[in-house]
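Written out below as structure tokens is the structure these notes cover.
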Amino acid sequence: GVDLQVCTSRNPTCCTKKMEERYQTAAKQDIQQVLQTSSATLKFLMSRNAAAFQETFEMLIRLAENYTSTLFCTAYRSMADEATVRVQEFFTDVGLFVFGTDVSTEEFVNRFFDTLFPVVYSHVINPGLTDISLEYAECLRMARRDIRPFGNIPKKAIGQMGRSLLSSRTFLQALNLGIEVINTTDHLHFSKDCSRALLRMQYCPHCQGLILSKPCMGYCLNIIRGCLANTAEIDLHWRGYIQSLEELLSAMSGTHDIEHVLLNFHSLVNDALVQAHIHGPELSEQVKKICGPPVRKPTQSPACSFDQNKDNQRLKMFSRDSEETLSSRRKKFISHLRLYRAFYGGLADQLCSNELAAADGLPCWNGEDVVKSYTRRVVGSGIKAQSANPEVKVKGTDPVISRIIDKLKHVIQV
């Protein structure tokens, strides 16, 4: 073929333009394949842990809800039915927040204590055989923050929930971003110049019948470092991302651990109810001043309809395992992830030495011929270094990579 674009040579070759085009497609597919293979274990580590932590958080929320509802069923039976509805609403909000919905922890903790107050008032502070009217309950709900029947417990709950839930939510978001970064770099779009260089490196020797010759190491590095120049720019931010994940995880331990906070929430609620009970008479006086005497409507208080046994087996198993769960699982995960700190900085070198290039000392392909060694200058990684690349021209930054770098910067700040 005289009309070859890339695999030209002084001697006649056994390639036609059609073959060259097919080799071009193959060269691109090969590099995609090699990229995906090299990131497969990292991607598996990230996605398996994202799923496992999400499942653990879901289980913890269910368990904490169960504990809190059980508290009402065993210690405050007359109000259990009304209270468990409030408990369910509260833990629904907890779940929404942890899994990424924009709700404010302060708001939903306050809402829980606001809606709990009318129930506590009519069953603990001012118990009667009949229930208060909806309007009166609404007045109590509105007055809760002024009357402060639960002392400083709501404020304590806001502090604990805010900190532990936010760090867990950020942790999940960070893991999902890590997966997105890998998916992005697994499916890169290569420039025309890079695609031609890959073709020349991998398949042009076939046109001359040199089926077994592999590219020289220096030649391979120039081409792959050129093709992955933008990807190498992720390196600094990826290292920062792993470092800030480490810092986040060490801050998630002890009293700020989501496990500790959620599973002890029921005892905070109990403290709040004890406070209200102790200060009952003076609370009644304050309520009368604000809402007037109770307006009652006759109803029966039903017994506890919360089914304590429903999840108990699974939850018991979970709480036994959870000695091992969160903090040790997080430590294990971060120690594995740490091994991938330099993943993006060393990606081109890894591809050439593991997959693509000839071993040292063997005859190798330099883009034109089989030679003893490659003699042209070998450039470094990253965009700046490519201005001196003899094999590939790199034009500016890739907007897809710039976007993913911005996301990494953002999550590091969060």
Please give the helix 280-291 orientation as an angle from the longest Cα principal axis of the chain, in degrees from 0 to 90, rounded to the nearest 10.
80 degrees
Which angle between 0 and 90 degrees, to the nearest 10, do you get for helix 326-338 versus the longest principal axis of the chain when only C-alpha atoms count?
20 degrees
Can you check what the net charge comes to around Y344, using other residues whose Cβ is under 9 Å from the Cβ of Y344 (Lys, Arg +1; Asp, Glu -1)?
-1
Candidate lysines - alpha carbon under 17 Å from K395, same-chain residues fewer than 8 apart omitted:
K192, K384
Once you've got the Cα coordinates, tell me which of K18/K43; K18/K214; K156/K409; K43/K409 are over 30 Å apart.
K18/K43; K156/K409
Leaving out same-chain residues fewer than 8 places away, which aspartates and glutamates sit with a Cα under 17 Å from that of K155?
E106, E107, D114, D146, D271
Given Cα pairs under 8 Å that are at least 6 residues apart, what percent is the relative contact order of the chain?
29 percent
Got a sec? Charge dipole of the stretch 107-185, +1 on Cβ for Lys and Arg, -1 for Asp and Glu; which of M142, S164, L116 is way out at the positive end?
S164
Based on DSSP H runs of at least 4 residues, each adding -39500 (n - 2.57), what is the mean residue ellipticity at 222 nm of the chain after dividing by all its residues, to the nearest 500 deg cm²/dmol?
-21000 deg cm²/dmol
Residue range of the chain that is longest and free of GluC sites (Glu not before Pro) which are both DSSP loop and sparsely packed (at most 11 other C-beta within 10 Å)
1-322
Pseudo-spin-label distance A26 to R403, built 7 Å along Cα→Cβ, given in nm, is 3.3 nm
Quick one: which of 401-411, 265-275 comes out on top by average Cβ neighbours within 10 Å, and what's the full order, highest first?
265-275, 401-411
Using the Karplus equation 6.51 cos²θ - 1.76 cosθ + 1.60 (θ = phi - 60°), what ³J(HN,Hα) coupling, rounded to whole Hz, does each residue of the stretch 132-143 give in order, writing x for Gly and Pro?
7, 6, 4, 4, 5, 4, 5, 4, 5, 4, 5, 8
Report the one residue of H277, L35, Q202 whose Cα lies farthest in the direction of the positive end of the charge dipole of the chain (charges on C-beta: Lys and Arg +1, Asp and Glu -1; origin at the Cα centre).
Q202
Taking the Cα centre of the chain as origin, work out the dipole magnitude from +1 charges on Lys and Arg Cβ and -1 charges on Asp and Glu Cβ, in debye rounded to 20.
980 debye
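Read-outs: derived from the displayed coordinates by stated rules, not from any lab. Remember, predicted model here, so these are calculated numbers, not experimental data. Cβ coordinates were reconstructed from backbone atoms using ideal geometry, including for glycine residues, and neighbour counts include every protein chain displayed.
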